[in-house]
1. Angle check, please: helix A:431-446 long axis (alpha carbons) against the longest principal axis of chain A (alpha carbons), in degrees 0 to 90, nearest 10.
2. To test your reading of the geometry: what angle, between 0 and 90 degrees and rounded to tens, separates the Cα axis of helix B:125-150 from the longest principal axis of chain B?
3. Where Lys and Arg each count +1 and Asp and Glu each count -1, what net charge lies around A:Trp336 among other residues with Cβ under 10 Å from its Cβ?
4. Which net charge results for the neighbourhood of A:Gly181, defined as the other residues with beta-carbon distances under 11 angstrom from its beta-carbon, given Lys and Arg at +1 and Asp and Glu at -1?
5. Relative to the first principal axis of the alpha-carbon coordinates of chain A, what is the inclination of helix A:133-146, with its axis defined by its Cα atoms, in degrees from 0 to 90 and to the nearest 10?
6. So how far, in whole Å, is the C-alpha centre of segment A:319-375 from the one of segment A:25-68?
7. Rounded to the nearest angstrom and ordered from largest down, what semi-axes does the equivalent ellipsoid of segment A:385-472 get from its C-alpha gyration tensor (root of 5λ)?
8. Which order, highest average first, do B:98-108, A:335-345 follow once you tally other Cβ atoms within 10 Å for each residue and take the mean per peptide?
Amino acid sequence: MDDTVVLSLARAGFAFHGSETQTLAEIDLRIGPGEMIAVLGPQGSGTSTLCRLAAGLLGDRGAVSGAITVRGSVAMLGDDPEAQLTGMTSYVDDEVSLPARLAGSTRPVDIGAVLDTFGMQRLLGRRLDTLSGGERQLVALASLMTGEPALLVLDQPALSLDPDARMLLVRALRSFCDAGGSVLLTGHQHDDLTAAADRVAFVRGGRLVGSARPAELTDEALGVRGVWNTLSDAAHLLAPPLPGAHVNASEALLDVRGLSVRRATTEIFPPLDVRAAPGEVAAIVGPNGSGKSTLLRAVAGLLEVDATAGTAGSVRVGGTELVRMPAHQRTRWLGWVGQDPGAQLSAATAQTELERALPLPPHRRRDRARLREERATDVAGVLAQTGLVEQAAEHPYDLAPAQRKDLVIASALLLRPEVVLLDEPTLGRDLAGMRRLERVIRDFTASGGAVVVTTHDLRWAARIAARVVRIR
Amino acid sequence: MEDRPFAGDPVVNTGSAAPAPTGAANGRPAIHRPSILHPATELVLLVCALVLTYGIPSPLVPAALLVAATAVAAGSPRVRLGRWCATVAVLAVPMLIMVGLVQGLFYPGDDLEVLWQWGAAAVTVEGLSVALQLWLRVVAMIAVCALFAFGSDSARTFDGMIRLHLPLGIAYVCATALSLVPLLRDQVTRALAARSARGWNTGRLATRVRLMPGIIAGLVTASLVQLDQRHDTLEQRGFGRSPRPAELQDHPDGVAQRVLRWGAPVVTVLLVTLTLGGVLHLPTASELLEVLRG
């Protein structure tokens, strides 16, 4: 292997044990020192498998074909922020210095400087279980980079990152490449990181199907490859509020006023107003750790049982004050979909999951069969609405991440709520997944419902939302 | 959905959250890390306490350990006394009832000193002695183990075992086991929140019991997946590449602690040997009961 190549895949392929088809086939890819290469493709195209293949993590899980050569050490960051921390440490400092310690070194690591690379010096000394998904992702990456790998393999690294954090990450990766490191990025969305790559290759059905320079990429070119484009000039989103542009409270279906959340002595976010009229979408944007998810949980009443959290303010839907109600009573008006679909899922099939997701209404025993039939009809309806009919018999954990999220959205729709709260629904979606999500939102708002979404995808927020709430 | 110009009010609210103080996030204060003992010393003391509890047949030893554990729990900045007490109570009270019923009321034998009898059930001095000794030993064991678990985390456990030159695999398994507790607790909280957001009144015990099979099934699947992912993540950080990793945290250590780590086991073995050899005599449970009866 010559010195100008760090990773070389020559006609490389991979098939999982028990699978008749190749997940990856005939992959030819070379990455040299200082190069950053992005590989994009729709869900199921093999991007994550390619990462694991390059990082040597597929070992005993299937059959590898072709030639794979790596010069130097490889470090990989996966796509799930929950799974990127080791569980061996409780504090940011310890997690960042972990590679050095595991290598047997007690030399001091300049943790502050490493975190500062990602603009995350404020995380110094923090407990890991208090970090947001994006913050966890950056801490994990900071930890990996202290090991000074020759090749960084990043699977959807911008997944949970706000625009500022993405730009910091771009700078950090560029510095890494300037110092001779190499980066392989993969994902289903074209974003600031893939735009900063030297070259973008596309994968479909496990095979590389072409490549382009980032500057050549257009919506059409990406659409043909099944990739969602998150890039746009979204500066107008940061403009000050237009005077007199606020919706009248009487028109608002959801009317949240002066909502704030405190934990102990810390204010998570200052008093906020969020309003959405029937048929409208409101988007909540803001940096990592600003409290977007906490805001939705507070609206849904999920902080009521959290002894460490205190909420203040008003939450009204259609004129009904919900703020004193426990979460289960608010479901008459609100359907909440959290960031992590795994917490919701427990049944053996998607259909059973939906059939059991909600309690049956109070009934007499003789009416139970009828109610179950009605539930089955409703389930068939939401499966069709969310495009999951063909996956009805599959185990929820066998679904693609976006489909798992769609399954949880389907369970929220079963409630027939007036307002749906979606926490980061666009994470990791390809073009088809985004279209599916937009169709669900469009159908819901067309019937007079209102939707509140949190997102880091400012372009999408501008595309679908009538109003945006920015939390700093 | 059609592309359209950005309608209405693009920004409804702005504001800036107060920065979290150092060591705290989302209002949750960080647990103070400083500890006067190295985790290896804590582990040695834990093992010595367990050996003393079961090696010396006197209820005075577990009783003394219980008092000492309570004092440490009350004074430790890393252990919440209420949580520790609740854990010990939840585990010890059912044990007390079980031991009281089995040994206290139905102790087998012919030559027994009966204090009270009703049918087949009889309160005997011998039964009470065994019940008292057994229960105190179990409570002391729970108390010291809970004290260690609540005052430690995966990194401390790992560091303690590495310093004691235990095999890396064992240190990893023990540290991972300790990390499972908060992982499972978080997952249960999130699963209950998710269900309450679907209309289940999870505040009711009956609802929780009904939902339990589904939650446990989801919990097992999610935990297995997460443990597998964590192991991969740890390998990415270089776990296993060095046969002797360094300790994951910096802990206070010195001559006094090293002496304690060697001295405590020696003293423990000596005390147990002297007691079993009859040189050192501590009152047994039956002797104490006799004293109490006058």
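Laboratory data are not the source of any read-out in this text; all were calculated from the coordinates shown. All figures in this text were calculated on a predicted structure; none of them were measured in a lab. Virtual Cβ from ideal backbone geometry, glycine too; neighbours counted across all protein chains shown.
1. The answer is roughly 10 degrees.
2. Approximately 30 degrees, to the nearest 10.
3. Counting the neighbours of A:Trp336, the net charge comes to +2.
4. Net charge around A:Gly181: -2.
5. Approximately 10 degrees, to the nearest 10.
6. Cα centres, segment A:319-375 to segment A:25-68: 41 Å.
7. 22, 16, 11
8. The peptides rank, most packed first, as A:335-345, B:98-108.
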